[in-house]
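Contents: one structure, followed by commentary.
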Amino acid sequence: MGWSWLLPHGASTFAARIDFMYYVILAITGIAFFVVELGLVWFLIKYRARPGRKAEYIHGSTKAEITWTSVTAVTVVVIGLMSGPVWNQVKGRHSVPADAMPLAARAQQFEWHFTYPGPDGQLETADDFSLRNQLHVVVNRPAVMLLQAEDVIHSFFVPAWRIKQDAVPGLGIRVWFQPTEVGTFELACAELCGLGHYRMRAQVTVHTQEAYDQWLAEQGQNVAIR
Amino acid sequence: MATTAATVGQVGHAGHVDDRSFLRKYIFSTDHKIIGIQFLIMSLVFLALGGTLAMMMRWQLGFPGQAMPGGTVLPETMAPGGVLLPEFYISLVTMHGTFMVFFAIMPLLVGVFGNFLIPLKIGAPDMAFPRLNMMSFWVAVSSGLIMLAGFWAEGGHAGAGWTAYAPLSEAPEYSGVSLGQQLWCLSLIVLGLSSMLGAVNYITTVINMRAPGMTWFRLPLSIWALFITAILVLLAIPILAGGAIMLLFDQTIGTHFFKPATGGQVLLWQHLFWFFGHPEVYILILPAMGMVSDIIANGSRKPIFGYESMVFAIMGIGFLGWIVWGHHMFQSGMNPTLGQTFMISTLFIAVPSAIKVFNWMGTMWRGSLHFHVPMLHAVAFVAMFVIGGLSGVFMASTPVDIYIHDTYFIVAHIHYVLFGGSLFALFAAITYWYPKMFGRMMNPFWGKVHFWLTFGFYNLTFFPMHQLGLQGHMRRIYDPTEYTFLQPLQPLNQFISIAAFLLFASQALFALNFILSWFTGAKADVNPWRDNALEWSVPSPPPHGNFAVTPTVYRGPYEYSSPETSDDYLPQDKRLPTDRMPASQPAGD
Amino acid sequence: MKHAMLSAVTVLTAGLLGAAGPAVQGGSVTGTVKLTGTAPANPKLDMSDEAACRGKYTTDPVITASGGNLQNVLVYVKSGLPAGQKFTASTTPVVVDQEGCLYHPRTLAVMAGQPLEIRNSDPVLHNIKVVAKRNRGFNISQPTKGMKTTRTFTAQEIAIPVACNVHGWMHANLNVFTHPFFAVTGADGSFTIRGLPAGTYEVEAWHEKLGTQTMTVAVPATGSAAANFTFKAGS
C-alpha cells in the first residue's frame, strides 16, 4: 500500500471529484513521464559515441518548437479548465449549501475545539456546547464550519474527506463538507504550529442521523468545560 | 584597474606582472576567480552542514523516539539522552531548509559560477566592480556566521520552518524561540546585501564588458541564465529583506505588521515571502539549466537544439516566475478567486520548462554522446527535473492541491527540482570547471562511482516521498506514528531514512575527490573537454586578468561537429578564413 | 546597630539553610488559611481524548478545601523588609510534577536563583509554557515519562502563568521572590514563614481563583506571630 499511486479511500462528496482530477493528471503526467524518460534512455543508447560516427550539425527545428510548445500549452489549459469548477465547488464562497449544519472550530496550540449548535440547530444560542478534539457530524448531510485560530496558523486537514483549510488568526473562514460514509476518521493539523504540531489531532465521527441525535441527547448530560 | 569595454586586439590585463601579497591574492582578493572559489568552499561547508541536519531529521522520522547514534554529544535542550526533542526537530527542519536554500544552492549557483564564469565566458578581464565583488563575499561570510550563532541562542535556533510564517515566527511564547529567530532574520537581511552587490556586478558586467563579437545571441546559455537570474535577484531579494525587517521589528521593537489583534495581517507575511520566494526558486534553477545546456552540447558534440527558444524560455521563466507566488497560498485563507488566477499562471510556467526539456533531448538526438562525469550528471538533471516538473502539475491544480498541500508530495517535488535538479547540475558544473579553477582534473573513476551511488540512493530516498504524500503524510511532523492512518507507512519512512543515510555517506566520495584532486589530480590541459567557450582558450587556471589579448568572437559557443573544421569543435574565438572581423567599437551592442 | 547586624546575619543564614533547615533564628509568622461558605464546583475535565491520562482526574482542583482548610494558597511577605537586603537562594529545587495530566502542585513558589525542577510522570507529551513579564519565559517539551528539566528565574514576579498546550486545561502559577519569606499552604491549610527579623510586615495570601487577602503582622525577635486568613466562597 505504501508504494501505491492510488489515493486512500475517500469518504466525502469532494473526494470523487478531487480524486478524478488527480487521476486525470496522473494519466497525463504518466504518459509524459514514460515518453520523455524512455525517449531519453533510448537516445543515450542509440546516440552514444561510436568510432566512425559523427554528430549531426543541426541547430534546431522551428516545426518541433511549435509542436511541443502547442501540445504542452493545450494540455495545461485543459487541466486548468477541468480543475476550476472543482475548486469552486469546494472553496467557493457561494457554494455552501443553504441547509448545511453550522459548526464552529477553534484551532489553538495544540488542540481543536469544536462548538456544536445543540438541539436548536443554531450557533450562538444557549444550548451550544464545545468539545475538545472531537468532531461529530451526520452522514450525507452538509455541514459548514467557521474555522478560526487562537494563536498561530494551523490547518484543518481530514485526509479521508480531501479537505484542507488553513486556520488563520484574525480570519474566520467557512469550510463546508458532506461526508458520505459512517465511521471514524482522523483530523490532523497540516501547518507547522509549534512543538506540539505533530500531535495536534482530533477524532472525526460520522454518525447516522439517529445515532447523532442520540449522541446529542447524551451531550446534554455530559458537557465538559474547556 | 580599468573596467572600460575592451576593443579589438587590445592587450589584456593578464600581460602585467602580478605582485600582490598572499593576503591580497587569496584572502581579500578582488579577482573574480578567487572569489568564486571562496564562495565554493563556503558553500560546500554549508551543504555538508545542511545534509547533516537532514540526517538527524531522517533518524527521528525513521526511528521515532530512539536515541540517535552520537546524539549524547548534544545538550539537554536539544536531545536529552540522545533522543531529539520536538522543538529541536523543528529547528532542524528550519535550518536544513535555510542552509540549503540560502547558504548552499544559491551561493553555489550564483556566487560560485556567476563569479567564475561570467568574465571568462564573455572575454572580460574581471567583473565591472571587483572590490564590490570582494565585499559581496565577506558580507556573505558574516551572514553565515550570524546564522550559525543561532544554534547557541537560548530557546534554540529558529523554529518556524525556512518559510518563517507569522505569527509563529514572531511570538516566542508560541514557538519557544526568540533570539534564534531574530538572528535568522538578521542573517538574511545581511545576506540580502551580499546578493544585491553580486547582482549589480553581474548585470553591469554582462551588459558592458563583452568582448568584440560577443553579441547577445552568441552568449553561452549559462551566461544568459546567470544574467536573467541576476535580474531576479536584484528585484526579489529586497522584498525578502523588507519582510525580514518587518518581522524583526515585530519581534523586537513592538510593531504590529503581522499581529491581527493590533491591526496587523497574518497573511501579509506570506505574500511578501512568496513574492520573493517564487522568483527565488527560479534563481535556484535557472543557472543550473544554463550550465547543463553548455555541458550537454559539449557531451553530445552537437549544437544546442533551439538556442533562441532556449533564451526565450529562460526569459519566459524569469518573467512568469513573478506572477505565480499565490500557488504557495492556495489553502492559506487567501481569496479563492485569486487561487484560480494563480492556477492559470502556474500551469503556464510549465510551458517554457517543457520547451527546455525537449530542446535538451533535441540536443542529444543524433549526437555523439560522450559520457564524461559532467555529462552523466547533466543527463540525470534532465531526467530528474522532468519528474520534479511533472509533480508540480499536480500542485498547480488547485483542487488536487487541497489534498497534497503540506504533505510529503510537496517535499518530493522540492527535492526533485533542487537536488535532482540543481545539485546534480552543480556536481556536473563543479567537475566540468574544476580543471579551469584548480589546474587539475577530478578523478573520473571515482566521479563515476559517486554519480551512480548518488543517482541510485537519491531516487530511493525521494521517489517514495510521493507515495507518502499521496497517503496524506503531513510535513514537519516529529513523530508520524501518532496518527493511525500514518502507522502503516512507517516501514516506508524507515526505508527512506536508510536510503538517505547511504546517500549522505556516498557524498564522501565527492568530498574526497574534490579535496585530493586539488593536490594529486592529473594536471589539466587548457581545454580538456574540447569545449568552444572562451575560458577554454586560456591556461588552467587563468592568470589574473584572464586574457593576454582580448579575444575576438566569431560565432556562438555551440559549434560542435561543424562542417567548417575537421575537429568536432570550433572555439568561439578561432578565426577562420571565412570569418569577418567585428567592427572595432566597444562591445556594448 | 549591633542588633540589626545580628538579625541580618541570621536572616542570611536562614536563607542559606532553607526553610526546612535546622533551628532558624528570628521570628516567624504562622497561621491557617480557611475557606468559609460552600465552595463552587470545580470545572469538569474531559480527558477522554488522552489515552494516557483519562479516567484519573475528572475535575480541575482549582479550589481544594478539606474541612474548611484551603490548599494551594500562596502566603508571602509583601512589604516591611529592610530595603536593599540581599538573600541567597536555596539550591534545593522546588519540584512540579505533571501527573495524570495535571500539575502538582499548582501553586509554585521559588526564590530568584532557586531551581525549579519540572518532571513528567506521564507517558505522554507535555509542553511547559511560562509567559513572564519580568523573567525570561520559555516554551519547552517533555515528550517522555521520566524527563526532568530545571529552570531558574531572576526577578520577583507574582502569578506567572504556567500552562500545557497539549492539554489545555493544565494550569499552574509560578511565583518568584527575591527573599525567602513565602510559603504555600498544604492540605491542612497551614503555613509557617521563618527567619524574619523583628518588625511589622504586610503579609498577603493569594489564591488563583479566590483573590487576595492582606494583613499587617508584628513579628517578634523570636517566637511566632499568628496570621490567619479566611476566604469566603463566592467572593
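The values are calculated or read from the model by the stated rules, or taken from the named source; none is laboratory data. Remember, it's a predicted structure, so these values are computed and weren't measured experimentally. Counting neighbours? That spans all protein chains shown, and the Cβs are built from the backbone with ideal geometry, glycine included.
Do we have any residue at all in segment B:454-476 that's touching a residue at least 24 places away in the same chain (Cβ under 8 Å), among the basic types (Lys, Arg) and in a loop (DSSP other than H, G, I, E, B)? Yes, there is a match, as at least one residue in segment B:454-476 is touching a residue at least 24 places away in the same chain (Cβ under 8 Å), among the basic types (Lys, Arg) and in a loop (DSSP other than H, G, I, E, B).
Okay, residues lined up against (1) part of a helix (DSSP H, G or I); (2) in contact with a helix residue (DSSP H, G or I) (Cβ under 6 Å, 6 or more places away or on another chain):
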site	(1), (2)
B:Glu173	yes, no
B:Leu183	yes, yes
B:Leu186	yes, yes
B:Leu193	yes, yes
B:Leu197	yes, yes
B:Val200	yes, no
B:Ile203	yes, yes
B:Gly213	no, no
B:Trp224	yes, yes
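Under 18 Å from C:Cys53 (Cβ atoms), at pLDDT 95 or above and surrounded by 19 or more Cβ atoms within 10 Å (Cβ to Cβ), is that true of C:Asn139? So C:Asn139 does not fit the description; no.
From the list B:Glu308, B:Glu280, the lone residue that is within 16 Å of the chain's Cα centre (by Cα) and charged (D, E, K, R) is B:Glu280. Within segment A:6-31, residues that are within 9 Å of chain B (Cβ to nearest Cβ) have Cβ atoms under 6 Å from residues that are of a type in the set (D, E, K, R) and in a helix (DSSP H, G or I) in these pairs: A:Leu7/A:Asp19, counting only partners at least 6 apart in sequence or on another chain. The residue pairs whose first member lies in segment B:172-192 and is within 8 Å of chain C (Cβ to nearest Cβ), whose second member is part of a helix (DSSP H, G or I) and among the hydrophobic types (A, V, I, L, M, F, W, C), and whose beta carbons are closer than 6 Å, counting only pairs six or more residues apart or on different chains, are B:Tyr174/B:Leu168; B:Ser175/B:Leu168. Out of the residues in segment B:311-351 meeting the condition of being surrounded by fewer than 20 Cβ atoms within 10 Å (Cβ to Cβ) and of a type in the set (Ser, Thr, Tyr), tell me which one is nearest to the chain's Cα centre (by Cα). Among those residues, the one meeting the criterion is B:Ser345. Per this entry, A:Phe114 is counted among residues that are crowded, with 16+ Cβ neighbours inside 10 Å and either modelled with pLDDT of 95 or more or of a type in the set (D, E, K, R) (or both). Every listed requirement among (1) outside any helix (DSSP H, G or I); (2) touching a Phe, Trp or Tyr at 6+ places or on another chain (Cβ under 7 Å) is met by B:Gly333 save one, (2). Inside segment B:334-359, residues that are more than 7 Å from chain A (Cβ to nearest Cβ), under 22 Å from B:Gly290 (Cα atoms) and not charged (D, E, K, R) make up a count of 5. The residues in segment B:392-403 that are out of contact with any strand residue (DSSP E or B) (no Cβ under 8 Å at 6 or more places or on another chain), crowded, with 24+ Cβ neighbours inside 10 Å and either hydrophobic (A, V, I, L, M, F, W, C) or assigned to a helix (DSSP H, G or I) (or both) can be counted, and the count is 5. When the strands (runs of 3 or more DSSP E) confined to segment A:109-226 are screened for residues that are within 11 Å of chain B (Cβ to nearest Cβ), those reaching at least 2 such residues are found at A:143-149, A:154-158, A:163-167, A:173-177, A:183-189, A:201-207. Scanning segment A:77-92 for residues that are more than 7 Å from every other protein chain (Cβ to nearest Cβ) and in contact (Cβ under 8 Å) with a residue 24 or more places away in the chain yields a total of 2. Confirm whether B:Asp525 is buried (at least 16 other Cβ atoms within 10 Å of the Cβ) and either without any contact (Cβ under 8 Å) to a residue 24 or more places away in the chain or among the charged types (D, E, K, R) (or both). No; evaluated as a whole, the condition is false for this residue.
The residues of segment A:18-55 that are under 25 Å from A:Val77 (Cβ atoms) and either buried (at least 19 other Cβ atoms within 10 Å of the Cβ) or at pLDDT below 95 (or both), listed by number, are A:Ile18, A:Asp19, A:Met21, A:Tyr22, A:Ile25, A:Leu26, A:Thr29, A:Ala32, A:Val36.
The strands (runs of 3 or more DSSP E) located wholly in segment C:51-137 that include 2 or more residues which are touching a residue at least 12 places away in the same chain (Cβ under 8 Å) and among the hydroxyl-bearing types (Ser, Thr, Tyr) occupy C:74-79. Identify all residues within segment B:368-406 that are small (Gly, Ala, Ser) and closer than 15 Å to B:His450 by Cβ; write none if there are none. Selection gives B:Ala378, B:Ala380.
If the condition is being under 14 Å from C:Asn120 (Cα atoms), facing another protein chain (nearest Cβ under 10 Å) and crowded, with 16+ Cβ neighbours inside 10 Å, then segment C:144-184 contributes C:Thr144, C:Met147, C:Thr149, C:Ala163, C:Cys164, C:Val166, C:His167.
Please verify whether segment A:56-65 includes one or more residues that are surrounded by fewer than 19 Cβ atoms within 10 Å (Cβ to Cβ), touching a Gly at 6+ places or on another chain (Cβ under 6 Å), within 7 Å of chain B (Cβ to nearest Cβ) and at pLDDT 95 or above.
Yes, the conditions are met somewhere in segment A:56-65.
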